[in-house]
Structures are given as C-alpha cells and as structure tokens.
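These notes are about the structure you will find just below.
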Amino acid sequence: MRALVTGGNRGIGYAIAQGLMARDVDVVIGVRDPENGQRAARELGCGAVHLDLENADTFAPAISAAGDIDILINNAGILIEDSMIHNPDGLRRSMQVMFHAPFELILLCLPHMTAQGQGRIVNLSSGWGAYDEGLEGPGGYGVAKAALNALSHALPRDLPDGVSINAMCPGWVHTRMGGQAAPRTPEQWADTAIWLALDAPAGLTGKFFRDRTEKAW
C-alpha cells in the first residue's frame, strides 16, 4: 500500500508520513523544494517527488514518479494574511494550493484507485473553513478551506465504489504556520489523518472530522 503526502517534508505532513510508515505503509512525500524534500525523505526513510502545487506542470510527473497511489493525503497549505481586496492574488494562490491542486491530484490518482476498487483520500482542512464556525481566519484561507470542505462533502456522489474522501481539521498545531503558541504537536494532530487513511470504516465518506469525531460543516 502506497501513500502520497503533499507537503510531507515538515510539520503535520511529516508527522503523518512518519505515522503511516510506522504502520508499514510505503510513503512518498510531495515537496515543493527538492533539496529540502530529499533531506526530509532521508530522515524519514521514504521516497520524495517534486510537487509544486502552484505549478500544475509538476502534477502528472510527480504522480508518475510516485507510482500507484492507494492513499492520497492532501496536506500542503499556505496562509496569506493579506486582505482579499487589497491582495486578490493571495486568494488566487490560496485557492490554487488548497482547492484546485488537491482536485487535480485526486483526478490523477483515481485511475489506479478505480482499478483496485479501493482508495482513500484525506483532505487536511480547517475549522476556519467551516460555515458552522463562521468562516474565520485571515485573508482567503477560510474561503479556500471552505471550498475544499465542499469538495470533500460533494465528491462522493461521483467517486467509484470503494474510494472514500473525507476532510479533517487538525486544530491549532505547533508548526511553522501555526506558530509557537499553538498547544498541540503535529504528532497529536496527525492521528486523525492516519485513522482516516487506515482504520476508519470503509464506507465512511464525505465527512468532516476533528479528533476522530465528526463535526459540522
């Protein structure tokens, strides 16, 4: 079984890759910076492919190099705090990295999942992207995550039998994005992603989770 973890060279993605490998999953991390990615891959003992979510030309070559993907973890994200009005490119970049790119990667991974009759897609989202929590957060971050949530909720109707997709909120995590004041470690919050990838019921799809507990959209 092989998993691709985008943004797997640090933070939550690194912890997810580490946790999956501890469960004997063959992991490949997708990385924007090949040098840093190879360094992280050596530390983890896994593979790495160049995958820049702002450059669609890297998508197909990355999936081809990674091989057949059974588990896709769309983890990579960006946080641009500028006003969407004053910096509209910030919203465009957020949508590309956290909505358009994940969808394109899903399309590239689906042929193998369909042929196998099984596959799991886990989208790292946020409570800031939940209408239930008011679409909070700076800039276009919450808007992009809301779009990712909508995709996670609606796509099951078009996915083949045996392929599931779910979103999860890791909460406020002590990473480069989350900052030093965040109360939880990446390892603590990687747990739900690993659970969705490996242990959640096979028919569970189109849901949103935090701490393995379903939450409102």
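The values are calculated or read from the model by the stated rules, or taken from the named source; none is laboratory data. Just so it is clear, the structure is predicted and the values come from calculations on it, not from any experiment. Neighbour counts run over all protein chains shown; Cβ positions are idealised from the backbone, glycine included.
Out of all the residues in segment 85-110, which are surrounded by fewer than 20 Cβ atoms within 10 Å (Cβ to Cβ) and either modelled with pLDDT under 95 or not aliphatic (A, V, I, L, M) (or both)?
His86, Asn87, Pro88, Asp89, Arg92, Arg93, Gln96, His100, Phe103, Glu104
Please identify the pairs in which a residue from segment 146-173 that is in a loop (DSSP other than H, G, I, E, B) has its Cβ atom under 6 Å from the Cβ atom of a residue that is at pLDDT 95 or above, counting only partners at least 6 apart or on another chain.
Every condition considered, the pairs that remain are Pro160/Thr114; Gly162/Gly117; Gly162/Gln118; Cys169/Ser125.
Name the one entry in Met21, Met113 that is in a helix (DSSP H, G or I), touching a residue at least 24 places away in the same chain (Cβ under 8 Å) and surrounded by 18 or more Cβ atoms within 10 Å (Cβ to Cβ).
Only one candidate passes the filter, namely Met113.
Please enumerate the residues belonging to segment 2-18 that are buried (at least 24 other Cβ atoms within 10 Å of the Cβ) and part of a strand (DSSP E or B).
Within segment 2-18, Ala3, Leu4, Val5, Thr6 meet the criteria.
For segment 41-64, give me the residue count where each residue is within 26 Å of Met95 (Cβ to Cβ) and in a helix (DSSP H, G or I).
Looking only at that region, the number is 9.
Collect the residues in segment 190-207 that are more than 13 Å from the chain's Cα centre (by Cα) and either aliphatic (A, V, I, L, M) or closer than 25 Å to Glu133 by Cα (or both), keeping them in residue-number order.
Residues satisfying the conditions are Asp191, Trp195, Leu198, Ala200, Ala202, Leu204, Thr205, Gly206, Lys207.
Identify all residues within segment 119-145 that are assigned to a strand (DSSP E or B) and either within 17 Å of Arg92 (Cα to Cα) or touching a Pro at 6+ places or on another chain (Cβ under 7 Å) (or both); write none if there are none.
Asn123, Leu124
When Glu104 is evaluated against the numbered criteria (1) under 20 Å from Ala66 (Cβ atoms); (2) of a type in the set (Asp, Glu); (3) over 16 Å from the mean Cα position of the chain (by Cα), which criterion, by number, is the only one it fails?
Glu104 satisfies every listed condition except (3).
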